[in-house]
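Peer 1: Okay, here's the structure, questions in a sec.
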Amino acid sequence: MSTPCQRTQEGGALGLWRVSSEAAITVAAPVARGGARADLDATDTLDLPCPSGPMMPKPIHLPVLRPLVSAAALALCSAGLVDAQSARQHSASSGGMVSAAQPLATEAGLRILEMGGNAADAAVAAGFAIAVVEPTMNSIGGRNQILIRLPDGRIVGIDGTTQAPWDYDYDTAPQASYGYPVIGVPGAVAGLMRLHGEHGSLPLAMVMAPAIDLAENGFRLLPNEAGRQGAGFDDVLEFPGSRASYVEADGTAYDPGDLLIQRDYARTLRAIAAGGHDAFYRGEIAEMMAADLAANGSAVKLQAFHDYEAVDARIVRGSYRGYDIVGLDIPAAGTVVIQALQALEYFDPDAYTDAQWAAMAGQAIGLASRALRANRGDSSSVRATSKEHARLVADEIAAPNGSRRDGAEGSADGGEAANARFGAAASARALASARVRESDRTRGAGELASPLPPRMDDQGHTTHLTVADASGMVVALTQTLGPNMGSKVVTPGLGFLYASTLGGYLGRMEPGQRARSFISPIMVLRDGQPVLALGAAGGSRIVSGVTQVISRVIDDGMNLGGALEAPRVHMNGDELDVETTPGIGWSPADVGDMRAIWPELSETPRVGAFSRVHAVMFDAGTRTWWGAADPDWEGSARGPRR
């Protein structure tokens, strides 16, 4: 290997890395999912030339390529750190862990941990960075939900969800599928500011430096990000601020490997770094947002920005085979994961094949997702996460036999009823109708349907990151714009996209209401100690991916890498959708086993279609954090070197 890239003394505390034209770097390619139990440490690597200038050929697999790369952004080519700077999807460290959907965001969080920051600092750094480098999936103009375990064992949540203004009138407000009418009050900045203000330890300017650097100096687009920008290109052309931010000077879309520089975004981030929450919601940024929105017919006024605060998120709890499951209540979907797992607890996974268990898990998730639509929070969530309600859900799951987990309490005829439905070869439609009748019977009087329109279920444009530190602080953070590129709108001079919230995108929204979704950051604990923390992107498939990964770890004893690599299923309405991508999906024999249980079945051979999970896991015996990034995506997992 030729001479590696050399570090310079520029850039203050963070430092900069200068790339030599002769050097090479090692980049980990996504590991093919050849089986359920992949070696956690296995990575496939390839050597590519380091960048030497702006005219270099555009490599496709590199997260960032430019003459100067800040260490806080991604020191890909540093002396002695070639392997450490590769885009590894599995990692282990005693000093903590960062798993995120884009390697530059992972690196931003990692550098903050290595500079002495805690998990909250690192999550804020990664949260702002990923808003810059994965802008089609999330933004500071979007929303987030944050679940935090503190070093003393307390668990708290932050709701930074987009909101309808308090004077919003759905009946008179403009309606649209994108554009200014769908913009609500952004919550992501408030969520990140509260996370830092209440739980961080480093100065905000230091924590935000990686994101500012990435926006100011640019980064090379990964293939999927370029593809999503291309998919939204025609809509983006309609808005001057969006054209300035996401269209090349010659009027074309950015290609994979192109350098994306976002100087307006950098100026906005600098203002937030200097002024915090008020700089965004009460200062010049708020005035610019309000003026632009007012000029284009939006229902969001300046006072709505002044009124917005990130609030406490309600914590919901359940258990699964001796493990505590902790998530966030509405407007997040933690109740779905808990309800599905607690229903599956009435069955013994060893009594079924892997494919049969997946079909049963898909049903449990589908039933729990349906219940979310009728859940108004508070007492509804208490019922949804109760063991008694889980028993009712379990009774509705069609299985090859009526066996249940040894020692689990069930209804008198639960196993026999499920087996009878299966034995009679009842149609999937008939079973679905029975489930609807049961849902109607158990629904509380006066409950309303959730404002989650069916079309939103197909939206998979979100991002998730999970961070842990050596003290035991853990942060699971999901951030989103809604659909690809959200509203497609950028206010001229500010540089960031707004999320889709109003205008009918989420159905009817009442004054002050926050956007409901399937976002579901989750923590798994035992005896109060962290075992697993995770979340996902993928619309309604978020809860499917999260639930199945937890089951793989607890029921199958898989390591984290294997759990993320295993194929998944999703109940899409009354249809069981199964992952059949060649080489990584379910086999034809597996699909046959599932179809025997649930005849109404579809096959989807598309990478990334079944959510993208990013997670960390703690081995208490060795005091080691393990991290894994979903192999269907372009993310990475990294921990500090100790």
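Here, each number is a calculation from the coordinates, and none is a lab measurement. Fair warning: this is a prediction, and the values are worked out from it, not measured in the lab. In this analysis, Cβ positions are derived from the backbone assuming ideal geometry, glycine residues included, and neighbour counts consider all displayed protein chains.
Peer 1: Take Ala620 and His306, extend 7 Å from each Cα along the Cα→Cβ direction, and tell me the distance between the two endpoints in nm.
Peer 2: 5.1 nm
Peer 1: Let me ask you something else. For segment 494-602, rounded, prolate or oblate, judged on the Cα gyration tensor with a ≥ b ≥ c (square roots of eigenvalues), a/c < 1.5 rounded, else prolate if a/b > b/c?
Peer 2: Oblate, since a/c reaches 1.5 and b/c is not below a/b.
Peer 1: If you stretched the chain out fully between Lys387 and Ser201, how much longer would it get, using 0.36 nm times the residue separation minus the C-alpha to C-alpha distance?
Peer 2: In short, 63.0 nm is gained.
Peer 1: Quick check for me: using +1 on Lys/Arg Cβ and -1 on Asp/Glu Cβ, what's the dipole size of segment 187-251 about its Cα centre, in debye to the nearest 20?
Peer 2: Roughly 240 debye for segment 187-251.
Peer 1: Which value, in debye to the nearest 20, describes the size of the charge dipole of segment 118-245 about its Cα centre when Lys and Arg Cβ atoms bear +1, Asp and Glu Cβ atoms bear -1, and nothing else is charged?
Peer 2: Charge dipole of segment 118-245: 360 debye, to the nearest 20.
Peer 1: Each label point is 7 Å from the Cα along the Cα-to-Cβ direction; what then is the distance between the points at Ser602 and Arg263, in nm?
Peer 2: For Ser602 paired with Arg263, the spin-label model returns 4.6 nm.
Peer 1: Let me ask you something else. Report ³J(HN,Hα) in whole Hz for each residue of segment 543-552, in order, from the Karplus equation J = 6.51 cos²θ - 1.76 cosθ + 1.60 where θ = phi - 60°; Gly and Pro get x.
Peer 2: Running phi through 6.51 cos²θ - 1.76 cosθ + 1.60 with θ = phi - 60° gives 5, 5, x, 5, 4, 5, 5, 4, 5, 4 Hz.
Peer 1: Let me ask another. What shape does segment 183-309 take by its C-alpha gyration tensor, where a ≥ b ≥ c are the square roots of the eigenvalues and a/c under 1.5 counts as rounded, a/b above b/c as prolate, and the rest as oblate?
Peer 2: Taking the square roots of the gyration eigenvalues as a ≥ b ≥ c, segment 183-309 is oblate.
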